[in-house]
Amino acid sequence: MIYSENASVQETSVTKGAKFFIGIMSGLLGGFFGGLLGLGGGIIMIPLMTWLAKMTQHQAHGTSLVAIVFTAIVGAATYYLLGGVDLKVALILAISATITARFGARYAHSLPEKKLKVAFGFFLIFASTMLVAKGYLPKTGWAFGPWASIIVFLMIGFVTGFVSGMMGVGGGGVMVPLMVVLGNIGQHVAQGTSLLAMIPASISGASTHYKLGNVKLDVVWGLIPGSLIGAYFGATAANHLPEFHLKIAFAAVGVWMGTKYIKAGRAGKAG
């Protein structure tokens, strides 16, 4: 049964001009911190859109995923030019992730607002923890054969695509750690490969959300340029700021926000 609360009237109190401005600001902040810390901008853009644009949780997830398509394209191109992409692995991941992203989007749409908030809260806590831990993840040294490797990467893609479609995020927070630990791939190459693989997967999830009415175009038009500009400046600033301390601080905020979402969802609140 499809839950219909995502058609909530709470968003009507925000004008179209204000939504465009909120989209720009959400994109700038999401892109900036995404480029600065190497995390998905969705975990920043989604809270901003629900709190400022008064969007429902379902609409924030779908709208965020549209912007992530464009940031993934720019990020993947950058990594590719720097030699940080494994094309064969990206293809395997993309095939499976693209299939499950649409199911993740549909599953999110079927959840009541409060349950989706709780799920997003737990994801925020997970992503915040991995933000600090992912740079220290060890390679297992496992030597898989060609066919076994294909199966491993297909499974990673299946999991990540579903999470991406459901949570409205790029999926790197899930895919990269799994690629490092299970796929025995270096951190830098894993990040670039993940970005490339998630382009078609994000398109699949975003198009499904759009068909379900979970994409707000008046916010998207500001979100896309804002996230692209923010990502550029964030990546540039990353070379001049103390990354480790920033990650610790941001992870603490992420855990706090995740806890807030869980409490709000369990209490049945809309904001």
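Structure data summary
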| read-out | value |
| --- | --- |
| Candidates Ala67, Ala18, Ala251, ranked by Gaussian network fluctuation over the chain, Cα under 10 Å, top entry | Ala18 |
| Surrounding net charge for Met45, when Lys and Arg each add one and Asp and Glu each subtract one, Cβ distance under 14 Å | +2 |
| At 1.306 mPa s and 10 °C, Stokes diffusion of the chain via Kirkwood alpha-carbon radius, µm² per second | 87 µm²/s |
| Highest-fluctuation residue, Ile44, Ile203, Ile248 considered, GNM on the chain with Cα pairs under 10 Å | Ile248 |
| Gaussian network model of the chain, Cα within-10 Å springs - most flexible of Thr236, Thr56, Thr71 | Thr236 |
| Accessible surface of the chain [probe 1.4 Å, protein heavy atoms]: carbon and sulfur percent | 73 percent |
| Long-range Cα-Cα pairs in segment 184-254 (distance over 17 Å), rounded percent | 68 percent |
| Kyte-Doolittle mean at least -1.0, axial Cα span of 18 Å or more - DSSP H helices of the chain | 16-37, 57-81, 87-110, 113-133, 146-167, 187-211, 217-237, 243-267 |
| Taking the chain and dividing mean pair separation by its residue count, relative contact order in percent (alpha carbons under 8 Å, at least six apart) | 39 percent |
| Heavy-atom accessible area per residue - the chain, 1.4 Å, Å² | 45 Å² |
| Among the listed pairs Lys134/Lys216; Lys88/Lys211; Lys16/Lys114; Lys134/Lys260; Lys54/Lys247; Lys54/Lys115, those beyond 22 Å (Cα-Cα) | Lys134/Lys216; Lys88/Lys211; Lys16/Lys114; Lys134/Lys260; Lys54/Lys247 |
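The values are calculated or read from the model by the stated rules, or taken from the named source; none is laboratory data. No experiment lies behind these values; they were computed from the predicted model shown. Reconstructed Cβ throughout: ideal geometry from the backbone, glycine too, with neighbour counts over all protein chains shown. Just so you know, the surface numbers come from the protein's heavy atoms only, side chains and all, with ligands and any DNA or RNA stripped out. Shrake-Rupley method; radii C 1.70, N 1.55, O 1.52, S 1.80 Å.
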